[in-house]
Amino acid sequence: MVVGAGRGPLIRCSLNASNRSKVPIKLYAVEKNESALIILRNLVRDPFFADVTIIDSDMRDWHPPEKADILVSELLGSFSDNELSPECLDGAQRLLKSDGLSVPSEYTSYVAPISSRKLYNNVVTQGQQNPDEVAAHMGYVVRLHGVNVLDKVQPCFTFTHPKHDQVIDNSRHVALEFSAGIDTVLHGFAGYFDAKLYRDVHISIHPDTHSKDMFSWFPMFFPVREPVQLRKGDKIVLDFWRVIDDTKVWYEWALTKPAPQPIHNSRGVTYWIGLFS
């Protein structure tokens, strides 16, 4: 079962895997986007897709005639969970057999402090155009150029699927401590992800494990409100939250050392992802 089938690449990959392994499959492709559904309905006219059934529904609402052995999805964002993959897959896991597999089965976001005057100046420019200075309270998907990563990348939030907890809570908080490797200026934090698809098969934009020739995702940039002058060896402490209410999910972040700053994006007033879009 492919959930969030989009325009069909995972459908094609699933069928190719079936042909290579000589294991026949029945495939349900669940999609709610009307534009994508038009493409999918044209796609299945090809005999190659004869075993595919298109389902026009939100994966969280659909009631299948049978449960799946494998649940395949591609709902990841540049910070792993920033496109609501946990919430969507938690809602869809009832489509899966009790011993079924989820692909991906686990994903982790990562963070590192960075120095980049160019990125920060771009944020400042946006802030000057907005009197509420909302630009400093947002995360940005960026292609990092001319960036100094000041310490080793550290794990932030991890999610696994399927979950078997009676109560599922996808809110998170972590406090991360880094050390400045050089005299420099802190402008914010870079965000990455690594996803385990199955066993030892991963896709990643983590700098140390970046998947070869993969350009589908760029890192994220979470700015600090004011740049911070650092000396080599200075401790950098970041608190990072993933917060959820009845309608949305958002991130909050705060630098607590060496120079404390207010919480960015408090209560999700600027930057958030709607649960029911």
Fill in the blank from the handout: About its Cα centre, the chain carries a charge dipole, from +1 on Lys and Arg Cβ atoms and -1 on Asp and Glu Cβ atoms, whose size in debye to the nearest 20 is 620
Practice task
Given a cut-off of 27 Å, name the pairs among LYS152/LYS257; LYS32/LYS118; LYS32/LYS212; LYS22/LYS67; LYS32/LYS67 whose C-alpha atoms lie farther apart than that in the structure shown.
Solution key: LYS32/LYS118; LYS32/LYS212
Exercise for the section: Report the extension gain between GLN154 and VAL269 in nm, rounded to one decimal, defined as 0.36 nm multiplied by the number of residues separating them, less their alpha carbon distance. Expected result: 38.7 nm
Fill in the blank from the handout: Taking alpha-carbon centroids only, the range 1-28 lies from the range 66-90 a number of Å equal to 16
Handout entry: Among PRO260, PRO223, PRO104: highest mean-square fluctuation, GNM of the chain, C-alpha pairs under 10 Å
Key = PRO260
Handout entry: Point-to-point label distance, ARG143-LYS97, nm (Cα→Cβ direction, 7 Å offset)
Key = 4.4
Practice task
Report the label-to-label distance for ASN42 and ARG199 in nanometres (one decimal), using points 7 Å from each Cα along the Cα→Cβ vector.
Solution key: 3.9
Handout entry: Listed peptides 87-93, 13-19, 211-217, 148-154 by packing density, highest first (mean Cβ within 10 Å)
Key = 87-93, 148-154, 13-19, 211-217
Fill in the blank from the handout: For the chain, averaging the sequence separation of alpha carbon pairs under 8 Å that lie six or more residues apart and dividing by its residue count, the contact order in percent is 17
Fill in the blank from the handout: Computed ³J(HN,Hα) along the range 100-108: with the Karplus parameters 6.51/-1.76/1.60, θ = phi - 60°, integer Hz and x for glycine or proline, the list is x, 10, 10, 10, x, 9, 6, 8, 9
Practice task
Would you rank VAL141, VAL111 by solvent-accessible area, highest first, keeping every protein chain in place and using a 1.4 Å probe?
Solution key: VAL141, VAL111
Practice task
Kindly give the semi-axes, whole Å and largest first, of the ellipsoid equivalent to the chain, taking each as the square root of 5 times a Cα gyration tensor eigenvalue.
Solution key: 38, 19, 18
Exercise for the section: Return the distance in nm (one decimal) between the two label points of a simple spin-label model at SER21 and ASP213, each offset 7 Å from Cα along Cα→Cβ. Expected result: 2.3
Handout entry: Radius ratio Rg over Rh of the range 6-128, counting only Cα atoms, Kirkwood formula for Rh
Key = 1.10
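If you place +1 on the Cβ of every Lys and Arg and -1 on the Cβ of every Asp and Glu, how big does the dipole about the Cα centre of the range 47-161 come out, in debye to the nearest 20?
Value, rounded to 20: 600 debye.
Just from its helices, what would the mean residue ellipticity at 222 nm be for the chain, if runs of 4 or more DSSP H residues each count -39500 (n - 2.57) and the sum is divided by every residue, rounded to the nearest 500 deg cm²/dmol?
-4500 deg cm²/dmol
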Handout entry: Segment THR53-GLN166, length gained on full extension (0.36 nm per residue, minus Cα span)
Key = 37.6 nm
Exercise for the section: Note down the net charge around ASN19, summing +1 for each Lys or Arg and -1 for each Asp or Glu among other residues with Cβ under 12 Å from its Cβ. Expected result: +2
Fill in the blank from the handout: To the nearest 20 debye, the range 214-269 has a Cα-centred charge dipole, built from +1 on Lys and Arg Cβ and -1 on Asp and Glu Cβ, of 260
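The values are calculated or read from the model by the stated rules, or taken from the named source; none is laboratory data. What you see is a predicted model; the values in this text were computed from it and never measured. Virtual Cβ from ideal backbone geometry, glycine too; neighbours counted across all protein chains shown. Protein only, heavy atoms only, side chains kept; ligands, DNA and RNA dropped before computing areas. Shrake-Rupley method; radii C 1.70, N 1.55, O 1.52, S 1.80 Å.
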